[in-house]
Structures are given as C-alpha cells and as structure tokens.
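The values are calculated or read from the model by the stated rules, or taken from the named source; none is laboratory data. Predicted model only: the values in this text are computed from it and were never measured. Don't worry about glycine lacking a Cβ; one is built from the backbone with ideal geometry, like all the others, and counts go over all protein chains shown.
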C-alpha cells in the first residue's frame with residue numbers, strides 16, 4: 001500500500017515530468033518498484049491513475065477547443081481526435097493487458113531502460129514542419145493513434161512519440177504540441193478504465209493525489225514546455241535507460 005506522503009511525492013513528480021519527453025509513467029513505475037518496493041502491477045496502476053490530474057490540467061488549458069468539439073463547432077478536430085482514440089485502443093489495450101501481468105521487478109526495470117533508450121533515439125529524429133493542424137488527414141490521425149498506443153509501455157514517452165510523429169509529418173511545433181495534449185485526454189480515460197483504480201488507496205488519498213497533480217501540472221505546464229523545447233532530452237533518456245539496463249543486469253547476475 002502507498003502511504004499519503006509517498007503518493008503526494010509521486011503526484012508532484014507526475015505534475016512535473018508529464019510535460020517533458022521523458023516518460024512520466026516510466027519514471028513513476030521505476031521509482032515505485034525500486035524506492036518504494038511496490039510490485040510492478042500496482043506500480044503501473046498507480047502511474048496510470050496519476051495521469052488523471054494532468055489530464056484535468058489539459059482539459060482546463062484547452063477548454064475552448066474541447067467545448068467547440070462538444071458543441072460540434074469544430075468537427076474537423078473532433079474527427080481527428082476520434083480516429084486517433086480508436087487506433088490508440090488497438091495497440092494500447094493488448095499491450096496494457098500484457099505488461100500488467102509482469103510480476104518481476106527486474107524485467108520491468110529492463111523494459112523501462114530499453115524503452116527510454118528507444119524514446120531517446122526517437123527524439124533524435126530530424127523534425128521540421130510548417131503544416132497546420134487542419135491539414136492533417138484521417139489516415140495520419142490513425143497512424144498517430146497507433147503510435148500513441150505504444151506509449152502505454154513504461155519508458156516510452158507519449159508526448160515524445162506523438163509530437164515527433166506529427167513533426168515528421170511536417171506539422172508545425174505549436175499545433176503538434178496542442179494536438180498531442182488534446183488526444184491524451186481520451187487516451188488517459190481509456191487507460192484508467194482498462195487498468196482500473198489502484199488497490200488499497202482511500203478516496204481521500206485519491207482525491208488529494210489528483211488535486212496535487214492537477215495544481216503542480218497546470219502551474220508548471222507552460223514553463224516546462226518552454227524548457228523542453230530548449231533542452232535535448234534525448235541524451236537524458238538514453239543515459240538513464242542505459243543506467244537502468246546495466247544496473248538491473250548486474251543485480252540479476
């Protein structure tokens with residue numbers, strides 16, 4: 001069981017790392033397994049649950065866009081989000097059910113390390129773009145959804161993968177970031193619905209955790225997004241991934 005202090009610390013980490021292309025889920029799971037001695041399955045469940053707070057921050061930040069979609073005043077964006085969500089489920093649900101069965105912490109540590117290296121390599125891909133959001137086609141939205149689904153694997157950065165994909169499709173950076181965060185909302189709702197709520201967490205603790213993530217995430221969003229544009233996180237992901245793989249391998253043998 002995760003105590004209230006640990007849950008609060010994890011909530012702060014989630015509110016910060018969600019906006020950086022370093023896999024907040026992977027870092028949370030890694031910390032819970034190695035520092036707080038949780039088993040992999042509940043650690044993954046906690047990590048997914050904490051995304052509710054940053055999802056609410058995205059809803060508030062882009063509330064005008066969501067209201068337009070709900071009122072069917074922006075059917076183009078609504079179509080892109082709907083198609084992306086469907087194809088995210090195609091890859092994410094089977095992967096989530098597979099990794100939820102992992103009971104070995106060392107295996108999960110290795111997985112996180114390898115996937116962080118993959119994230120780092122993705123971030124190194126050359127990316128420039130001048131296209132606008134509404135020039136994106138439904139086929140591209142489907143491919144974006146498939147790519148986003150793989151981010152359910154701890155260590156794969158959802159924002160890193162989706163923004164990189166959109167920039168590779170020549171979308172401009174501002175629209176790529178905006179769409180990446182908007183499509184995260186249904187993805188988080190779906191992930192929480194499939195994984196379920198964490199066990200042995202009280203209603204009070206859950207509300208506090210979501211509130212802390214929301215407040216930290218909303219306040220830090222703009223600053224950290226600006227920071228992420230100026231810093232090369234590819235090196236960090238690869239270095240942290242290699243460290244995880246090497247140390248876990250040494251401990252196993």
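Overview of values
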read-out: Residue tally, condition in contact (Cβ under 8 Å) with a residue 40 or more places away in the chain and not in a helix (DSSP H, G or I), over the stretch 233-253; value: 0
read-out: Residues satisfying the stated conditions in the stretch 40-57, i.e. surrounded by fewer than 21 Cβ atoms within 10 Å (Cβ to Cβ) and under 17 Å from residue 222 (Cβ atoms); value: 56
read-out: Subset of the stretch 196-227 [surrounded by 17 or more Cβ atoms within 10 Å (Cβ to Cβ), more than 18 Å from the chain's Cα centre (by Cα) and not in a helix (DSSP H, G or I)]; value: 201
read-out: Flag for residue 94 being closer than 18 Å to residue 210 by Cβ and either modelled with pLDDT of 95 or more or out of contact with any strand residue (DSSP E or B) (no Cβ under 6 Å at 6 or more places or on another chain) (or both); value: no
read-out: So residue 142, is it touching a residue at least 12 places away in the same chain (Cβ under 8 Å) and in a helix (DSSP H, G or I); value: yes
read-out: Boolean, residue 52 is at pLDDT below 95 and either farther than 27 Å from residue 238 by Cα or more than 12 Å from the chain's Cα centre (by Cα) (or both); value: no
read-out: Matching residues, the stretch 123-150, being at pLDDT below 95, surrounded by 16 or more Cβ atoms within 10 Å (Cβ to Cβ) and closer than 28 Å to residue 47 by Cα; value: 123
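One line per residue, one yes/no per condition, for (1) over 25 Å from residue 227 (Cβ atoms); (2) modelled with pLDDT of 95 or more; (3) touching a strand residue (DSSP E or B) at 6+ places or on another chain (Cβ under 9 Å); (4) surrounded by fewer than 23 Cβ atoms within 10 Å (Cβ to Cβ):
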| residue | (1), (2), (3), (4) |
| --- | --- |
| 28 | no, no, no, no |
| 38 | yes, no, no, yes |
| 59 | no, yes, no, yes |
| 82 | yes, yes, no, yes |
| 86 | yes, yes, no, yes |
